[in-house]
Amino acid sequence: MAEGKIEVSIVTPFFNEEEVVNIFIDEICKVMDDTGCTYEIVCVNDGSCDGTLEKLISKKGNSGNIRIIDLSRNFGKEAALTAGIDHATGEVVIPIDADLQDPPELISELLKKWREGYDVVLAKRGDRSTDSFLKKFTANLFYRMHNKISDIQMPANVGDFRLMSRKVVNAIKQLPENQRFMKGVFSWVGFKTASVEYRRKKRVAGKTTFNGWRLWNLALDGITGFSTVPLRIWLYIGVFISFSSFIYASFIVIRTIVQGIDVPGYASLLTFILFLGGIQLIGIGVIGEYVGRIYMESKRRPPYIIDREY
Ligand code: UDP
Ligand code: MG
């Protein structure tokens, strides 16, 4: 490795994480010093409104290992991660959460696999016992559904914590979309992949900002970002309903001819109207999801804006 060249870039988004800044940086520095690699920690402050930025700046002091990218507001984790990856200069890039739920000790194992020749080394959550039942259940459902209907296969129980070589990072940087579902983007680019397992820990301090609603929206981003099946399925639903209606209509017409006009039927009529109305609204809603995304994407806004770099 050439003198002055950085081998490992650690990329971490921070959103209101003042309680964990010091513990996190200390932990990473300890682990990275042990590996003997040259490294940088790219800290992205995602518009925190607590003392995260001040903590980061004072922690940085005059250490050349720590870089701070301060975004102009909160752009969300996916955008913050994109900012960090865009600015990382290392031979390998490792995104990792600030809350130490992803154990830094694993980094040396990731590096080992990379030296064996893999371009992507996934950190797989072998044990998610620190996650709630509901989170595990919904996560599982999401991965199963996503993988069934998307062009890409996303490994289950893998977060953003992983190692990527420069080749992979350069490929990711070429993707022009501004609505980024990073886990999908990471899988989409491909490359030779290995994985190592770890136990997902509890947050060291602070609390998660990913509540149910935010996770649901993240799941929608994931699915609409990598699949058009939800759009195409309406063709088949439409064909099925039309065909069934045709059979039923023929039956009603024949029955009317044979048995005469049969006035009662209010209940079935109302049921069909409501059912079809509901189905149509769902269909329009799904189309709306995609149209909304096309609209946002077509503005060509950058995924993040940087206020200042330190
Ligand atoms: N994060 C961020 N912007 C946001 C929300 C979260 O940069 O709008 C960061 C956060 O600081 C942390 C990481 O994303 O480093 C993961 O967030 P969190 O621990 O809340 O999510 P969870 O682990 O519960 O999925
Ligand atoms: Mg977390």
For a test of the definition: using alpha carbon positions, the gyration tensor, and the 1.5 limit on a/c, classify region 220-277 as rounded, prolate or oblate.
oblate
GLU197's amide H: which non-local residues (gap 5+, or another chain) put their own amide H closer than 5 Å, with H modeled 1.01 Å from N in plane and none for Pro or chain starts?
LYS124
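If you place +1 on the Cβ of every Lys and Arg and -1 on the Cβ of every Asp and Glu, how big does the dipole about the Cα centre of region 178-254 come out, in debye to the nearest 20? The partial results should precede the final answer.
Values: 11 positive and 2 negative charges, 158 e Å.
Here the size comes out at about 760 debye.
Report the charge-dipole magnitude of region 1-102 in Debye, nearest 20, computed about the Cα centre from +1 at each Lys and Arg Cβ and -1 at each Asp and Glu Cβ. Walk me through the numbers before you get to the answer.
Values: 8 positive and 20 negative charges, 62 e Å.
Here region 1-102 has a charge dipole of around 300 debye.
Tell me the net charge near ILE25. Cut-off is 10 Å between Cβ atoms, ILE25 excluded, with +1 for each Lys or Arg and -1 for each Asp or Glu. Before the final figure, lay out the partial values.
On the way: positive: LYS30, LYS55, LYS59, LYS60; negative: ASP26, GLU27.
Computed value for this residue: +2.
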Can you tell me, using C-alpha contacts under 8 Å and at least 6 residues apart, the relative contact order of the chain as a whole percent?
22
Could you check which residue among TYR118, TYR198, TYR295 shows the biggest mean-square fluctuation in a GNM of the chain with a 10 Å Cα cutoff?
TYR295
Of the residues VAL21, VAL263, VAL169, which exhibits the maximal mean-square fluctuation in a Gaussian network model of the chain defined by a 10 Å Cα contact cut-off?
VAL263
Lys/Arg +1, Asp/Glu -1 at C-beta; region 1-152 dipole; positive extreme among ALA123, VAL11, ILE41
ALA123
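On a full-extension model of 0.36 nm per residue, what is the gain between ILE306 and SER108, subtracting their alpha-carbon distance, rounded to one decimal in nm?
Details: separation 198, 0.36 × 198 = 71.28 nm, distance 3.10 nm.
Answer, rounded to one decimal: 68.2 nm.
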So if I place +1 on the C-beta of Lys and Arg and -1 on the C-beta of Asp and Glu, and nothing else carries charge, what would the dipole magnitude of the chain be about its Cα centre? I want it in debye, nearest 20.
820
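Please report the antiparallel percentage of DSSP beta bridges with both residues in the chain, rounded to the nearest 5.
Values: 9 of 32 bridges.
Bridges in the chain are about 30 percent antiparallel.
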Got a sec to turn the phi values of region 10-19 into Karplus ³J(HN,Hα) couplings, 6.51 cos²θ - 1.76 cosθ + 1.60 with θ = phi - 60°, whole Hz, x for Gly and Pro?
9, 10, 9, x, 10, 10, 6, 10, 4, 6
Give a quick list of trypsin sites (Lys or Arg not before Pro) in region 42-114 that DSSP marks as loop, anything other than H, G, I, E or B, with at most 12 other Cβ atoms within 10 Å.
ARG73
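Sum up the charges of everything whose Cβ sits under 10 Å from the Cβ of GLY84, counting Lys and Arg as +1 and Asp and Glu as -1, but leave GLY84 out. Walk me through the intermediate numbers first.
On the way: positive: ARG67; negative: ASP46, ASP86.
Value of the local net charge: -1.
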State the answer as a single residue: which of PHE240, ILE152, TYR198 lies farthest towards the positive end of the charge dipole of the chain, with beta carbon charges of +1 for Lys and Arg and -1 for Asp and Glu, about the Cα centre.
PHE240
Integer Hz, Karplus 6.51/-1.76/1.60 couplings in order for region 138-153, x for Gly and Pro:
5, 4, 4, 4, 4, 4, 5, 5, 4, 5, 5, 10, 9, 6, 10, 9
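Please report, in cubic angstrom per residue, the volume enclosed by the convex hull of the alpha-carbon atoms of the chain.
Numbers: hull volume 50.1 nm³, N = 310.
Looking at the chain, the number lands at 161 Å³ per residue.
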Specify which residue in the list ILE305, THR52, LEU276 is farthest towards the positive end of the charge dipole of the chain, using unit charges on the beta carbon of Lys, Arg (+1) and Asp, Glu (-1), about the Cα centre.
LEU276
Taking the alpha-carbon centroid of each part, what is the distance from region 73-151 to region 185-234 in angstrom?
9
Compare PRO264, PRO104, PRO95 in a GNM of the chain, Cα atoms joined below 10 Å, and give the one with the largest fluctuation.
PRO264
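Please compare each pair in LYS5/LYS207; LYS124/LYS299; LYS60/LYS202; LYS30/LYS207; LYS183/LYS299 to a cut-off of 28 Å on the Cα-Cα distance and tell me which ones are over it. Display every interim value, and only then the final one.
Working: LYS5/LYS207 36 Å; LYS124/LYS299 36 Å; LYS60/LYS202 26 Å; LYS30/LYS207 24 Å; LYS183/LYS299 23 Å.
Correct reply: LYS5/LYS207; LYS124/LYS299.
Every read-out reported here was derived from the displayed coordinates using simple, explicitly stated rules and does not represent laboratory data. Here the structure is a predicted model, which means the values were calculated and not measured. Positions of Cβ are generated from backbone atoms using ideal geometry, with glycine treated the same way; all protein chains shown enter the neighbour counts.
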